[in-house]
Amino acid sequence: MRYTIFWPLPLLLAGCSALSGKDNADPPSELVEFQPELRIETLWDEGFDDADETLLKLKPVYSNGMLYIAEPSGEVSSLDPETGERHWSVDTDSPLSGGPGVADGLIALGTLEAELILLDGEDGGERWRQRVSSDVLSSPAVNDGNVVCRTTDGGVTAYTTDSGEKRWVYDRTVPVLTLRGDSSPLVSESQVLAGFAGGKFVGLSLDSGLVNWEATISTPKGRTELERVVDIDADPVLVEGTLYVSAYQGDVAAVSESSGVVLWRRDISSHAGLDASWRQVFITDAEDHIWSLDATNGATLWQQKKLHARKLSAPAMVGDTLVVGDFDGYVHWLSQEDGRQLARIRVGGDAIRLKPLVIDEIVYVLDEGGTLSALRAHPIEAENR
């Protein structure tokens, strides 16, 4: 029998801390004053479903000049990224829980009722829906005539985009105890790249679903099942043939896309996730410290601790800065060079759990109250010249 941990993650972290002897239940750091180097402009904001009770990772995505967003109630919308104006909205009549995954003019979504739905990106019309093996808590991937879906029972399944016919299934045994959530699969060239509970990451053939390679990101440690939870729930990032992957109560690692060889790993636990370039890897750890690591060897470049215990999102790169959201509705800008605080703005009173989306240096932030905000940073010095 398998058990999924449905507690809100802060409670889980406190429970795991007590068992491991580490105190991660510290009060959040107070925000201190600093001299801002950026002025943050709010371009627009729009309201959607309140997601506070769902703890789902339904996140806005960008494709072909449009923003797409899915709501827990079943509504899917296409937005103008410059104004927030809705181009179209459709109701899928299903409780959405994964996605949207958007590519090739198609939108893929998963549901809590174990369905995979494919919509037309032009008008939201339904192409097809298929029953899958269990609920979907990550974004399906669309690529070159395929939709790849990750389900909570450990399965990865590929379907054809034209008819929804099942092409292949990869099944993996799920540990007895897991976190609620799954990382989203990636499709790169002829491979499907997917992470799992238990600290494993695999490269699968897109044609057949057979395993090309398997990598161990982290190994479970501890005396109890709760201490031994090592889940890859944050989405991996692929940069020029290298995968950057993080695991809760585990490690952050760089993995070769072609062979699965682990190039380096660091003992940094993360449930929020990371972002990366060919030079640096930026990660939010379990204590809500932000790290900058050398992408070639994992060496520490800097660590920012001033936002300790503020339940940060994964960092997102924008220009030469980073942005993260926190539990109190603040969005923070940091320098990629040394991690110093550059600016912050409060977009509301609800937590920001999802990694911000960055398109053309505009930052899109979705909070748990359902508000999607578009933000742009302007250098203060340039304005005062």
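The values are calculated or read from the model by the stated rules, or taken from the named source; none is laboratory data. As the structure is a prediction and not an experimental result, all values here were calculated from the model. Every residue, glycine as well, gets a Cβ built from its backbone with ideal geometry; the counts of neighbours run over all protein chains shown. Side chains included, ligands, DNA and RNA excluded: accessible areas come from the protein's heavy atoms. Shrake-Rupley method; radii C 1.70, N 1.55, O 1.52, S 1.80 Å.
K306: which lysines have alpha carbons under 30 Å from its alpha carbon, excluding same-chain residues fewer than 8 sequence positions away?
K22, K57, K59, K221, K355
Any idea of the accessible area per residue across the stretch 84-238, 1.4 Å probe, to the nearest Å²? It would help to have the intermediate numbers written out before the result.
Details: 5910 Å² over 155 residues.
About 38 Å² of surface per residue is accessible.
Answer with one residue from I117, S89, Q130: the one whose Cα lies farthest towards the positive end of the charge dipole of the stretch 33-179, charges on Cβ with Lys, Arg +1 and Asp, Glu -1.
Sorting the options by dipole projection puts first Q130.
To the nearest 20 Debye, how big is the dipole of the stretch 88-185 about its Cα centre, given +1 on the beta carbon of each Lys and Arg and -1 on that of each Asp and Glu?
Details: 8 positive and 16 negative charges, 97 e Å.
For the stretch 88-185, the charge dipole is close to 460 debye.
If you average the C-alpha positions of the stretch 112-178 and of the stretch 249-305 separately, how far apart do those two centres end up, in angstrom?
Distance between centres, Cα-based: 29 Å.
Leaving out ligands and nucleic acids, and using a 1.4 Å probe, what accessible area per residue does the stretch 249-385 come to in Å²?
Values: 5190 Å² over 137 residues.
Accessible area per residue, the stretch 249-385: 38 Å².
For the chain, evaluate the Debye formula with one uniform point scatterer on each Cα (no solvent term) and list log10 I(q)/I(0) at q = 0.07, 0.11, 0.14 Å⁻¹, rounded to two decimals.
So the normalised log intensities are -0.29, -0.75, -1.27.
Given +1 on the Cβ of Lys and Arg, -1 on the Cβ of Asp and Glu, and no further charges, what dipole in debye does the chain carry about its Cα centre, rounded to the nearest 20? The partial results should precede the final answer.
On the way: 32 positive and 62 negative charges, 294 e Å.
The calculated dipole for the chain is roughly 1420 debye.
Of N64, T371, L293, which is farthest on the positive side of the dipole of the chain, counting Cα position, with +1 on Lys and Arg Cβ, -1 on Asp and Glu Cβ, and the Cα centre as origin?
Final value for the positive-end residue is L293.
When the accessible area of the stretch 187-263 is computed with all protein chains present and a 1.4 Å probe, what percentage of it is carbon and sulfur? Intermediate values should be presented prior to the final figure.
Values: 1340 of 2800 Å².
Ligands and nucleic acids excluded, carbon and sulfur reach 48 percent.
Between P236, P356, P81, where does the largest GNM mean-square fluctuation fall for the chain, given springs only between Cα atoms within less than 10 Å?
Comparing P236, P356, P81 in a Gaussian network model of the chain, the most mobile one is P81.
To the nearest 10 square angstrom, what accessible area does D50 show with a 1.4 Å probe?
Accessible area, nearest 10 Å²: 100 Å².
Could you give the length gained on full extension between R127 and K305, defined as 0.36 nm per residue of separation minus the Cα-Cα distance, in nm? Walk me through the intermediate numbers first.
Details: separation 178, 0.36 × 178 = 64.08 nm, distance 4.74 nm.
Between R127 and K305, full extension yields 59.3 nm more.
Counting only protein heavy atoms and a 1.4 Å probe, tell me what percentage of the stretch 69-114's accessible area is made up of carbon and sulfur.
On the way: 680 of 1570 Å².
Carbon with sulfur: 43 percent of the solvent-accessible area.
Give, to the nearest whole percent, the P(r) tail of the stretch 93-217 beyond 24 angstrom, counting all Cα pairs. All intermediate terms of the calculation are to be shown ahead of the outcome.
Working: 1554 of 7750 pairs.
In whole percent, the long-distance tail amounts to 20.
If you place +1 on the Cβ of every Lys and Arg and -1 on the Cβ of every Asp and Glu, how big does the dipole about the Cα centre of the stretch 132-177 come out, in debye to the nearest 20?
Details: 4 positive and 6 negative charges, 23 e Å.
My answer is approximately 120 debye.
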